[in-house]
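The structure appears right after this line, and notes come after that.
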Amino acid sequence: MSTILECKDLYKSYGSSPALAGVSFAVEEGGVVGLLGPNGSGKSTLIKLAMGMLQPTQGEVLVNGMRPCPATKAITAYLPDKDFLSNWMRVEQAIKYSADFFTDFNHERAEAMLSRLGIGMKQRIRSLSKGTREKLGLILTMARDAKLFILDEPIAGVDPAARDFILDFIMGNRPAGSTIFLCTHLIADIQPILTHAIFLNCGKIVLDEDAAAVTARTGKSLDELFREEFKW
C-alpha cells in the first residue's frame with residue numbers, strides 16, 4: 001500500500017514559539033485518519049504545512065511522495081476551519097468557480113449533494129445560515145475526485161444532532177480508494193469512522209496507531225484515552 005501523506009522530523013516555529021517539534025508519521029492510502037488534539041496543539045499548523053500554505057522550519061512534509069506544490073494540490077481537497085465562501089456569489093456561481101478551478105470537480109456529485117441537503121442553486125451565499133454555509137463548503141470539497149481529503153474541524157461548528165449526519169455524508173460521498181485526513185478535538189463523534197488515530201499534544205506525537213488496535217490494547221475508547229492524555 002502506498003503512502004499518501006508523510007511527515008519527517010517536522011518542525012515549525014513562530015519566532016521563539018514552537019508549534020510542531022519533531023513530528024514524524026506516515027498515512028497509507030485508503031483510510032480515515034484522525035489528527036486529534038486540543039486547541040493549540042499544532043493541528044492546523046500541520047495541515048497548512050501539508051497544503052503548502054506555510055514552510056517548515058525544519059524537516060519535510062510529503063504528499064504522494066512530493067513536497068507541497070501544484071501537483072500535490074491537484075490531488076488534495078482541503079476544507080479549512082474558516083468560512084471561505086464569497087458573499088456576493090449565488091450557490092451556482094460557487095459551483096462553477098470550483099469546477100473552473102479544479103479539473104477533478106464532479107458536477108453530478110455536487111448537484112446530488114445540494115439536493116440531498118436542500119440547498120438551492122439560485123440561493124445567495126450571504127443569505128445562507130452559518131450551518132448551511134458550512135454544509136456548502138463541505139459539498140464543494142467532497143465533490144472533487146481527489147486522492148486525499150484534508151478536513152480541518154469539519155464538525156466543530158455544527159450542533160451535536162447534525163454531527164452524525166455530516167460524518168455519514170463525508171463517508172458516503174468520498175471517492176473509492178481516497179484517503180480522509182480529519183483534524184478535530186471531538187473524538188467521541190468521529191471514532192466510529194476512524195481507521196487510524198494520531199494524537200498531537202504541544203506539537204509532538206503522543207499516539208500513532210491503528211484505531212481498533214488502540215481499543216483492543218487498552219480496553220478504552222479513543223475518547224477515554226484522549227481525556228486522560230489531555231486532562232487539565
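The values are calculated or read from the model by the stated rules, or taken from the named source; none is laboratory data. Note that the coordinates shown come from a computational prediction; the quantities given were computed from them, not determined experimentally. Ideal geometry is used to build each Cβ from the backbone, glycine not excepted, and the neighbour counts take in all protein chains shown. Just so you know, the surface numbers come from the protein's heavy atoms only, side chains and all, with ligands and any DNA or RNA stripped out. Shrake-Rupley method; radii C 1.70, N 1.55, O 1.52, S 1.80 Å.
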- Tell me, please, whether a residue that is in contact with a helix residue (DSSP H, G or I) (Cβ under 6 Å, 6 or more places away or on another chain), part of a helix (DSSP H, G or I) and within 20 Å of residue 103 (Cα to Cα) can be found in segment 158-165. no
- Task: Scan segment 136-157 residue by residue and report those that are free of Cβ contacts under 8 Å to residues at least 60 places away in the same chain, over 20 Å from residue 36 (Cβ atoms) and in a helix (DSSP H, G or I).
- Result: 136, 137, 139, 140
- When only residues in segment 102-128 that are hydrophobic (A, V, I, L, M, F, W, C) and in contact with a strand residue (DSSP E or B) (Cβ under 6 Å, 6 or more places away or on another chain) count, which is nearest to residue 70 (Cα to Cα)? 102
- Message: Going through 175, 192 one at a time, which residue ends up being at negative phi, assigned to a loop (DSSP other than H, G, I, E, B) and either hydroxyl-bearing (Ser, Thr, Tyr) or at pLDDT below 95 (or both)?
- Response: 175
- Using beta carbons and a limit of 8 Å, which pairs, at least six apart or on different chains, have the first residue in segment 74-91 and under 15 Å from residue 51 (Cα atoms) and the second one small (Gly, Ala, Ser)? 75/146; 76/50; 76/146; 77/146; 79/137; 81/44; 81/156
- Check segment 137-159 and report whether any residue there is at negative phi, open to solvent by less than 10 Å² (accessible area, probe 1.4 Å) and more than 15 Å from the chain's Cα centre (by Cα). no
- Unmet requirement for residue 133, which otherwise passes all of (1) part of a helix (DSSP H, G or I); (2) crowded, with 22+ Cβ neighbours inside 10 Å: (2)
- Item | Among (1) farther than 18 Å from residue 76 by Cβ; (2) more than 15 Å from the chain's Cα centre (by Cα); (3) in contact (Cβ under 8 Å) with a residue 24 or more places away in the chain, the one test that residue 177 misses | (1)
- All but one of (1) open to solvent by less than 40 Å² (accessible area, probe 1.4 Å); (2) touching a strand residue (DSSP E or B) at 6+ places or on another chain (Cβ under 9 Å) hold for residue 191, so report the exception by its number. (1)
- Note on the structure: Among (1) out of contact with any helix residue (DSSP H, G or I) (no Cβ under 8 Å at 6 or more places or on another chain); (2) open to solvent by 30 Å² or more (accessible area, probe 1.4 Å); (3) in a strand (DSSP E or B), residue 198 falls short only on (2)
- Task: Kindly list, by first and then second residue, each pair from a residue in segment 209-232 that is farther than 13 Å from residue 196 by Cα and without any contact (Cβ under 8 Å) to a residue 12 or more places away in the chain to a residue that is acidic (Asp, Glu) and open to solvent by 80 Å² or more (accessible area, probe 1.4 Å), limited to pairs with Cβ atoms under 9 Å and residues at least 6 apart or on different chains.
- Result: 218/224; 220/228
- Query: When you scan segment 85-142, how many residues do you find that are among the β-branched types (Val, Ile, Thr) and either in contact with a His (Cβ under 7 Å, 6 or more places away or on another chain) or under 16 Å from residue 174 (Cα atoms) (or both)?
  - Reply: 2
- Need at least 1 residues that are open to solvent by 40 Å² or more (accessible area, probe 1.4 Å) and in contact with an Asp or Glu (Cβ under 8 Å, 6 or more places away or on another chain) per element, so show me which strands (runs of 3 or more DSSP E) inside segment 1-106 make the cut, counting only ones lying wholly within it. 3-14, 17-28, 58-63, 76-79
- Message: Of everything in segment 178-188, what is open to solvent by less than 40 Å² (accessible area, probe 1.4 Å) and either of a type in the set (Val, Ile, Thr) or not in a strand (DSSP E or B) (or both)? Give them in sequence order.
- Response: 178, 179, 180, 184, 186, 187
